[in-house]
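The values are calculated or read from the model by the stated rules, or taken from the named source; none is laboratory data. Here the structure is a predicted model, which means the values were calculated and not measured. Cβ coordinates were reconstructed from backbone atoms using ideal geometry, including for glycine residues, and neighbour counts include every protein chain displayed. The protein model used for the area step is the full one, side chains on, heavy atoms only, and it has no ligands, DNA or RNA in it. Shrake-Rupley method; radii C 1.70, N 1.55, O 1.52, S 1.80 Å.
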Amino acid sequence: MSDESAVETPAHEAVTAPEDLAPTLLAPEAPVSGTPAPEAPAPRPRRRGPGPFTLLVLPGLVTLTTVAGFLALTGGFPDDWSPGESAPQDAAGGVNSTYGPWLRKSADACTVVTPSVLAAQIDQLTGWSNAGAGTSGPQGIAAYTAADWKTWGKDDDGNGRSSPGDPADAIMALGRQDCSLAQQVTGLRTDGTVNGELVDLTLAAYAVGTDAVTKAGGVPDTARTYLTEVKALFAKYESFDREDTSAGGVLADAILAPPVTTLTITSPYGSRRHPLTGVTKLHTGVDFGAPQGAQVSAARAGTVVFAAMTSAYGNRVVVDHGTIEGKRLQTTYSHLSAIDVTAGQAVQTGTPLGRVGSTGLSTGPHLHFEVIYDGYYADPRPWLALNG
């Protein structure tokens, strides 16, 4: 038995990320070692000292020119910028490392789209440039027009504004748009209207629309160039498809109680090919094979922050356990046949949360159990007291 590997984000999302995202700041290239120094210029007449223009005006002009150049390249000061702070380290493909959690979170909305797919799209669209082109033209790293932003944009990072120029909002919007298209082409392929790989069909629908894909019965010729360019960038960003442990995954010491009494692992944490979609991506939790209707219990005391039906996870419960070593810990319980708790409810270790089922994208009764530490998926096994 196996389950959905990366799916919908609940209202109080278990996968959180740094709230502030700064545009990528690329350091200037260092001089090439060994390059001979230019010849010294011919002597010029000596001056007795700098004049008033040099002392008073020129430094200000240099400063203004530098600031203007910076703003032109980055699209403005990042929201979290302050003097003395350095830019985050680059991640895959030279991309700002703080984008990684948002790419993973956005890709969790469906099974077809992966973080590397989203990153490759953004690279092809703008090369990660956050510049705007006016209120009516494409804006931000995902090149959203004002009209399209009304459909897909939200204030995903909770900073009080929804803007295509906000990288977090833009990444999440692209994920929503892609997943909506993936759902449409999945239906078309299921009923035999179109043929092809779901990722290819989704990207084609993004480029030329679902009507064109439907008419062509697959990827239209008009979408081939876009598809080729985006897919050529997948490998550049494949590290985003793996768990990022740099932000704090720790080797837990069995601080969680088993959520079910049957601890037969039918699908472990890690990269796998999804049995229903055929997409290879991170399986973000552990699948415990268990009988239909078996009790699912809280692995640790905490507060229920989500308890509802989702399209891919099925009936899903998320419990927030507070902080461990200063970093937030959450656990999730998915594909339940029934939910026995409500959002906001306090629970203790062993409190019944629901019953094992096969709701959502699932091949049979089991519990998909996740551990999310400091905003990143972690292998649940080191966290679990599997021997009692």
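Quick notes on this one:
- The lysines whose alpha-carbon is closer than 25 Å to the alpha-carbon of LYS231, local same-chain residues fewer than 8 away aside, are LYS105, LYS215, LYS281.
- For segment 104-208, the convex hull spanned by the alpha carbon atoms encloses 96 Å³ per residue.
- Per residue, the Cα convex hull of segment 330-388 amounts to 123 Å³.
- For segment 325-388: accessible area per residue (Å², 1.4 Å): 37 Å²
- Taking all protein chains as shown and a probe of 1.4 angstrom, TYR333 keeps an accessible surface of around 0 Å².
- Net charge, ASP169 excluded, C-beta distance under 9 Å - Lys, Arg +1, Asp, Glu -1: -2
- For segment 205-244, the Kirkwood hydrodynamic radius from C-alpha pairs, put into Stokes-Einstein at 25 °C and a viscosity of 0.890 mPa s, yields a diffusion coefficient of 214 µm² per second.
- Coordinate range of the alpha-carbon atoms in segment 150-246 per principal axis, descending: 42, 31, 24 Å.
- For LEU282, solvent-accessible area (1.4 Å; no DNA, RNA or ligand), Å²: 30 Å²
- Heavy atoms of VAL347: accessible area, 1.4 Å probe, square angstrom to 10: 0 Å²
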